[in-house]
Amino acid sequence: MTLSPQAASFPRPVNAIATIADFIAEPVRAASFPDHTIRFRNDRAASTVGLDGLDDAAWIERFGRFVPFDGSLPQPLALRYHGHQFRNYNPDIGDGRGFLYAQVREREEAGGRLLDLGTKGSGQTPYSRFGDGRLTLKGGMREILASEMLEALGVPTSRTFSIIETGEALERNDEPSPTRAAVLVRLSHGHIRIGSFQRLMVLEEPDHLRRLVDYSLRDLYGQEPGDDPAVQLFGQVVARCADLAASYMVAGFVHGVLNTDNIAITGESFDYGPWRFAPRWDEGFTAAYFDHQGLYAFGRQAEAIHWNLAQLAVALSGIATEETLVAAFHSYPDRFRARLDHRFLWRLGLATDDGVLARALTGAAVNALAQGGSPIDRFFFDWRGGRAVSGDLYAGAGWDGLRELVDRCTPVPGALDHPYWSGDPCSMLIEEVEALWSAIDTQDDWAPVAAKVAAIRAMGAAHGPGPRAMQY
């Protein structure tokens, strides 16, 4: 069955990437799947781009068979890029099991920004190497949970837009096989990553680098290129990535694979493979079983992102004013610390205009959490709005000192108004992830996942809108 495009349901399709597609991507075709069963459709996200009106048949046609939308990409594009993977440079990568399917602008009331609809598990591309181009259903479920939880905690993140089970059986070496397959669509504010710039530097294509910089400024940041556009872009990326690193820490999140090909130029988190939420403030906690050196451990994520920004600076150095580029790079630590303070206060529902007090509060909280062993989510829940609770979990000099600092801050109006704050904190630890998958794997029961998503969204509503994006 082939459907005609539903123009009324897709009001603002665009093809902005056409201006750089000739050197940044390769046209590809989606795999043909034996079955299409919708397992998750994010109508909340779809409403921001006018796609929530699609019925299930049209949803499958778009996000299971990838029929093009009029006015957007005529054919999917697999992006080309290089990347440092665990600090080792790899030129043989690119979109190996996904592609850019379509671009659209948000409704004006949602911000009007350019959005990419990208895929995971949509089939092989020229960059698949030895992979089958597929995604496990469990991997898709994990993306739902990670992206929903991060969005609720104010982290700038891609959103899981659609999961469709495809009726295939996949063989995997690191989990029980055969296992069920799915194709995922994510909604993000850009598909360009640091590795996209690295590739053009290595191939010695400065004119293409300049065009990619201009595209990133105009279409991803909404800015006209100035006198030194590469520095202009780099400064924005530094600011956004400093905020991303801070948001990971306050959420208690460990991405697991912060390679340069996994850092979006917009500073938006994406691609959730071996992620974890840390049970407690343990800076050595890792997410990926293969991260033997702890390179991307919880407490090293800010350092890892800063290192990746250095690689972007190197890639841009041939087309930028080097002194200004270096100054922007060195602004990262202060920006990270400022955003860590800001986001700590946001999650606690507190406010202060005293930067010294904010810094002292963050430091005292981190020390108390690291030494006292309180679960991260429990702490932010219990201390929300200046409650500064007592009890055995928060006994000791470190907690007493923090309590004094909290008392000097002002609770945000309505900080505790939502019913969520009278219950128990919402968490997403690995044991629960496995239990949710077990219900699907053994009983095909998706009700627990739906209930968890509802609980996460209630937590997000209780916190309110996340901190605004940081500008350079």
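Side notes on the structure shown:
- Neighbours by Cβ (under 6 Å, 6+ apart or cross-chain): first from segment 50-68, closer than 20 Å to residue 28 by Cβ; second assigned to a helix (DSSP H, G or I): 67/61
- Criterion (more than 30 Å from residue 410 (Cα to Cα), among the basic types (Lys, Arg) and part of a helix (DSSP H, G or I)) met by exactly one of 335, 300, 339, 343: 300
- Residue list for segment 445-472, restricted to those being assigned to a loop (DSSP other than H, G, I, E, B) and more than 23 Å from residue 381 (Cα to Cα): 445, 446, 469, 470, 471, 472
- Of all the residues in segment 153-188, those that are in a loop (DSSP other than H, G, I, E, B), surrounded by fewer than 23 Cβ atoms within 10 Å (Cβ to Cβ) and either at pLDDT 95 or above or not basic (Lys, Arg) (or both) number 8.
- Filtered residue count, segment 204-230, keeping only those that are within 18 Å of residue 325 (Cα to Cα), hydrophobic (A, V, I, L, M, F, W, C) and in contact (Cβ under 8 Å) with a residue 40 or more places away in the chain: 4
- Counting the residues of segment 208-230 that are touching a helix residue (DSSP H, G or I) at 6+ places or on another chain (Cβ under 9 Å) and over 20 Å from residue 115 (Cβ atoms) gives 11.
- Residue list for segment 131-149, restricted to those being within 25 Å of residue 29 (Cα to Cα) and either outside any helix (DSSP H, G or I) or within 11 Å of the chain's Cα centre (by Cα) (or both): 131, 132, 133, 134, 135, 136, 143
- Here the condition is being under 18 Å from residue 195 (Cα atoms), outside any strand (DSSP E or B) and among the small types (Gly, Ala, Ser); of 128, 122, it holds for 128 alone.
- Against the conditions (1) under 28 Å from residue 237 (Cα atoms); (2) free of Cβ contacts under 8 Å to residues at least 24 places away in the same chain, residue 144 satisfies every one except (2).
- Test: residue in segment 374-388 that is assigned to a helix (DSSP H, G or I) and of a type in the set (S, T, N, Q): no
- Pairs with Cβ under 9 Å, 6+ apart, first in segment 340-362 and at positive phi, second surrounded by 15 or more Cβ atoms within 10 Å (Cβ to Cβ) and among the basic types (Lys, Arg): 349/384
The values are calculated or read from the model by the stated rules, or taken from the named source; none is laboratory data. Note that the coordinates shown come from a computational prediction; the quantities given were computed from them, not determined experimentally. Because the Cβ atoms are built from the backbone with ideal geometry, glycine has one as well, and the counts that use them run over all protein chains shown.
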